[in-house]
Amino acid sequence: MGNNSGFVHRPAPAMATEKQPASPATDSPPAQPPAPVDRLVSSKHRIRINGESVAYTVTCGTVVLKEDGEKDGNREADKARATLFFIAYTRDGVKDAAKRPLTFSFNGGPGSSSVWLHLGVLGPKRVKLDSDGNAPAPPYQLVDNEYSLLGETDLVFIDPIGTGYSRMLDGEKVHEYHNYQRDLDSVGEFIRLYTTRNQRWASPKFIAGESYGTTRAAGLSSLLQEKYGMYLNGLLLFSTALDFSTFRFHAGHDLAHVLFLPTYAATAWYHGKLDKRLQGRPLRALLDEVEAFAEGEYNTALFLGDKLPPARRTEIIRKLTQYTGLSAEYIASTNLRIQIHRFCKELCRDEHRTVGRLDSRFKGIDRDAAGENFEFDPAHTNLDGAYAACINDYLRRELRYESDTPYSMISKLYMTWDFGSKDQHLNVAENLRRAMSSNPHMKVYVGSGYFDLPTPPFARDYVLNHMALDKSLAANITRHYYDAGHMMYVHIPSLKAQAKHLRDFVRKSA
């Protein structure tokens, strides 16, 4: 295959195995299982992006990941451990690949495939939704994505091990890769392999990640530099999760309560739950007022704990009621600390509705209006079926990749994932600071939705403001806000705005 069509397809050497005694009947060694090999398919396509006709090649399939084997203290041949699935889009007719940017993309979870960024905003196809992001009744449809970033950069979508079609080989233990460091190692090794085999070391390089994918991206920004000498031009971070202490609701840990309050207010505003004075204000003006209260009076009140004077407590409850749309009695019963799932259940309880976690604009219906937690996230169920149908149909019908293995779009790996140190929260903001300090040319785009409850924009800004980044590098970070949730691009007005922001970012950073 040519340099722009993915990995070179070459047989992998057989895995090292212990010698077995010869068979008495045949006097010959038993047959060895075939060595795993890369399995790839390519196809040609064309689309109009931002008014321009773009011809491109898609290469998708699995590549064998290996690592140095070791036995009894002695090194063995490289050992095949897993096959990693990817989908690469490369523009045709490019005379000098060294001038063509290359972007590696993945989602989060942990346990999510790359389908959301792929079919939501970056790739040349997107799932058809209405303007607000509602999926229609099935059957679902893919349409050309005129907002794709393929006009500016080649795109490689990576499914980490255990997602998509990426699997461990027989006999290997998948949980070994389900931790922070091994995940970085495997994805980083794939990026090195793809860059090397396709002669793209001279290309401007970017990494795009969403949610836990931003955790991975920040970790890779330093790992790729320090391990391979691969310096990036930029990171594209969607719904950032850099410091896990900012969204953990543990007893005695009040930070998340402060950082989530503005998103509670935005949600209440969207659903018409605020008083007339606040309901009539523009969203950004409302959030400016709530953020000032959160970082000032509210933060101080939680810090005082049981020392908070009764009169002051009553005043804080009054303001929380104003900003959240919840009753004073309910807020008093939470001891001024409103946990995320409780909020999703409580805000529209009088309507027998819950609000979404991934995108709090959406409403769901539980069996009853009692209890503290919703039965399901309506923002997720709104999208899950459409994305699942579209990726499975697209891979086999249009890209001609055939596999009877279930495509694991999203799983609950986050429930058993090893995030690292047991005595502190994972915080990769320091990895990002270190990478930016040693590579001052690297730029960072960060995009957040006002109705994103898993990774609220106020929490994002708190982390960025506490990176201790040198002032000379502060302008390297570009922040954007959108009128949607975690996957802000499902909202078509936000998609249009974000597409322009991404194009401008890549052009200026390449």
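The values are calculated or read from the model by the stated rules, or taken from the named source; none is laboratory data. The structure presented is a predicted model; accordingly, all values stated were derived computationally and were not measured. Note that we place each Cβ from the backbone using ideal geometry, even for glycine, and neighbour counts take in every protein chain shown. The accessibility values were calculated without ligands, DNA or RNA, using every heavy atom of the protein model including side chains. Shrake-Rupley method; radii C 1.70, N 1.55, O 1.52, S 1.80 Å.
Structure summary
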read-out: Where Thr90 falls short, out of the listed (1) crowded, with 24+ Cβ neighbours inside 10 Å; (2) of a type outside the set (D, E, K, R); (3) over 20 Å from the mean Cα position of the chain (by Cα); (4) assigned to a loop (DSSP other than H, G, I, E, B); value: (4)
read-out: Test: residue in the range 389-402 that is within 25 Å of Tyr177 (Cα to Cα), open to solvent by 30 Å² or more (accessible area, probe 1.4 Å), polar (S, T, N, Q) and in contact with a strand residue (DSSP E or B) (Cβ under 7 Å, 6 or more places away or on another chain); value: no
read-out: Selected residue (criterion: most open to solvent (accessible area, probe 1.4 Å)) from residues of the range 93-124 that are small (Gly, Ala, Ser) and over 18 Å from the mean Cα position of the chain (by Cα); value: Gly93
read-out: Output for the range 419-455, where each listed residue is open to solvent by less than 60 Å² (accessible area, probe 1.4 Å), more than 28 Å from Tyr177 (Cβ to Cβ) and part of a loop (DSSP other than H, G, I, E, B); value: Tyr450, Phe451, Leu453
read-out: Matching option when the condition is in contact (Cβ under 8 Å) with a residue 12 or more places away in the chain, under 29 Å from Tyr270 (Cα atoms), buried (at least 23 other Cβ atoms within 10 Å of the Cβ) and more than 14 Å from the chain's Cα centre (by Cα), among Ser131, Ser148; value: Ser148
read-out: When residues of the range 370-381 are limited to those that are of a type outside the set (A, V, I, L, M, F, W, C) and open to solvent by 30 Å² or more (accessible area, probe 1.4 Å), the one farthest from Asp159 (Cα to Cα); value: Gly371
read-out: Residue match in the range 16-33 (condition: buried (at least 18 other Cβ atoms within 10 Å of the Cβ), assigned to a loop (DSSP other than H, G, I, E, B) and at pLDDT below 55); value: no
read-out: Cβ pairs under 8 Å, 6+ apart, first in the range 157-175 and more than 22 Å from Gly209 (Cβ to Cβ), second aliphatic (A, V, I, L, M) and assigned to a loop (DSSP other than H, G, I, E, B); value: Met168/Ile161
read-out: Residue check, Ala202 open to solvent by 10 Å² or more (accessible area, probe 1.4 Å), among the aliphatic types (A, V, I, L, M) and modelled with pLDDT under 95; value: no
read-out: Out of Ala268, Ala251, sole residue that is in a helix (DSSP H, G or I) and either closer than 28 Å to Ala311 by Cβ or free of Cβ contacts under 8 Å to residues at least 24 places away in the same chain (or both); value: Ala268
read-out: Pair list, Cβ < 6 Å and 6+ apart or interchain, from the range 274-288 residues that are part of a loop (DSSP other than H, G, I, E, B) to residues that are open to solvent by less than 70 Å² (accessible area, probe 1.4 Å) and at pLDDT 95 or above; value: Leu274/Ala268; Leu274/Gly325
read-out: Criterion (in contact (Cβ under 8 Å) with a residue 40 or more places away in the chain, over 24 Å from Thr354 (Cα atoms) and surrounded by fewer than 16 Cβ atoms within 10 Å (Cβ to Cβ)) met by exactly one of Tyr298, Tyr231; value: Tyr231
read-out: Residue in the range 345-359 that is under 18 Å from Phe451 (Cα atoms) and part of a helix (DSSP H, G or I) present; value: yes
read-out: Some residue of the range 456-475 being charged (D, E, K, R), in contact (Cβ under 8 Å) with a residue 60 or more places away in the chain, surrounded by fewer than 23 Cβ atoms within 10 Å (Cβ to Cβ) and within 28 Å of Leu261 (Cα to Cα); value: no
read-out: Residue count, the range 171-191 (criterion: modelled with pLDDT of 90 or more, open to solvent by 40 Å² or more (accessible area, probe 1.4 Å), more than 16 Å from Ile207 (Cβ to Cβ) and not basic (Lys, Arg)); value: 1
